[in-house]
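Accompanying notes for the structure given below.
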Amino acid sequence: MSLALFGMDGFLLLLRWFHFFFGVIWIGHLYYFNFTQGPFFNETDGTTKSNVIQKLVPRALWWFRWGAMVTMITGLLILQVRGHRDGMGIFATSWGVSILTGAVLGLLMWANVWFVIWPAQKRVIQSATQVASGGQPLPDAAALGARAGVASRTNTLFSIPMLFFMGSASHLPISMGLEPSFGALAAVIGVILLALELNAIKGKLGPMASVKGVIHMGFLLTAVLYLAMELLTK
C-alpha cells in the first residue's frame with residue numbers, strides 16, 4: 001500500500017506543518033511581548049517587573065528564539081524542495097515573488113531575534129538578577145533593553161506584510177507582464193526594508209511607540225509593498 005505522506009508531496013506537507021506550528025509559537029510570543037507584556041511593564045511596580053524579567057521572560061524568550069529558528073530552517077527547506085522539484089523558474093512566478101518577499105521579511109525578523117533582541121535581553125535579565133541579589137545594575141542594560149524594544153516593534157511591523165505575502169502566494173495570484181521588472185521590484189523592496197532594518201539597529205520607535213501605531217504602520221507597509229509588486233511586474 002502506497003501512503004501519500006511518504007512521497008515528495010507528503011514531505012512538503014510535513015515541512016509546512018512544522019513551519020506553521022513553530023511559526024505560531026514564534027509570532028505568538030512576539031505579539032505577547034509587544035501587545036501584552038510591554039503595556040503591563042509600563043503599569044506595574046518595580047518588584048513585580050523584576051520578578052517577571054527573572055522568571056517569566058527567560059522562558060518566553062526560549063520558545064520565542066527557537067520558534068524563530070525552526071520556522072526559518074523549515075521555510076528555507078520548503079523553498080529548496082520547491083525549487084528542486086519544480087525548477088528555479090517557479091520563483092519568477094506570482095507565487096515565487098510573493099513567497100520570496102515574505103521570506104525576506106521572515107529572515108530579517110529571525111536575524112533581529114538572534115542578533116539584536118536575544119543578546120540584549122540576556123543583559124537585561126542578568127542585570128535584574130544582580131539587582132535582586134543586592135548587586136548593581138549593568139550600566140548598559142537600560143540602553144540594550146530599549147534597543148531590543150525597537151527591534152521587537154520592527155519585527156511586529158514586518159510580521160504583518162510577511163503574513164500577507166505568505167498567504168497571498170497561494171491565494172492571491174498576481175498577473176504579470178511579459179517582461180516584469182524584477183530588478184526594480186527587488187530594489188524598491190530592498191531599499192524600504194533596509195531603511196526599516198537600519199532603524200531597528202540604530203534608530204528609535206517613532207510611530208511604532210504605541211501598539212496602535214505599529215499595527216497601522218504594518219498595514220501601511222503591506223499596502224506599499226503590494227502596490228510596488230503590482231505596478232512593477234506588469
Quiz item: GNM, the chain, Cα, under 10 Å: largest mean-square fluctuation among Thr154, Thr129, Thr48?
Solution: Thr48
Quiz item: To the nearest 500 deg cm²/dmol, what mean residue ellipticity at 222 nm is calculated for the chain from DSSP H runs of n ≥ 4 alone, each contributing -39,500 (n - 2.57), summed and divided by the residues?
Solution: -25500 deg cm²/dmol
Self-check item: Environment charge at Tyr32 (Cβ cut-off 14 Å; Lys +1, Arg +1, Asp -1, Glu -1)
Solution: +3
Quiz prompt | the stretch 86-162-the stretch 68-84 distance, computed between alpha-carbon centres (Å) | solution = 19
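What order do you get for Met109, Met1, Met176 when you list them from fewest to most C-beta neighbours inside 10 Å?
Ascending number of Cβ neighbours within 10 Å: Met1, Met176, Met109.
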Quiz prompt | Cα-Cα P(r), the chain, percent of pairs per 10 Å interval | solution = 7, 29, 31, 19, 10, 3, 0
Quiz item: Roughly what angle does helix 94-112 make with the longest principal axis of the chain, taking Cα atoms, 0 to 90 degrees, to the nearest 10?
Solution: 20
Quiz item: Taking the chain as a Gaussian network, Cα atoms linked when under 10 Å apart, which of Ser168, Ser181, Ser152 shows the biggest mean-square fluctuation?
Solution: Ser181
Quiz item: Once phi is turned into ³J(HN,Hα) by the Karplus curve 6.51 cos²θ - 1.76 cosθ + 1.60 with θ = phi - 60°, what whole-Hz value does each residue of the stretch 199-209 show in order, with x for glycine and proline?
Solution: 5, 4, 8, 10, x, 10, 5, x, x, 8, 5
Quiz item: For the stretch 127-188, what's the radius of gyration and Dmax over Cα atoms, in angstrom?
Solution: 21.7, 69
Quiz item: Using only the Cα atoms of the stretch 43-129, what do you get for the radius of gyration and for Dmax, in Å?
Solution: 18.4, 57
Quiz item: Quick one: helix 141-171 against the long Cα principal axis of the chain, what's the angle to the nearest 10°, folded into 0 to 90?
Solution: 20
Quiz item: Translational D (Stokes-Einstein, µm²/s) of the stretch 18-66 at 20 °C and 1.002 mPa s when Rh comes from the Kirkwood sum over C-alpha pairs?
Solution: 187
Quiz prompt | Close Lys-Lys pairs in the chain, where close means Cα under 30 Å and separation is 8 or more or interchain | solution = 13
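Every number in this text was worked out from the coordinates using simple rules, so none of it is lab data. What you see is a predicted model, and the numbers here were worked out from it, not measured in a lab. All Cβ positions, even for glycine, are placed from backbone atoms using ideal geometry, and neighbour counts span all protein chains on display.
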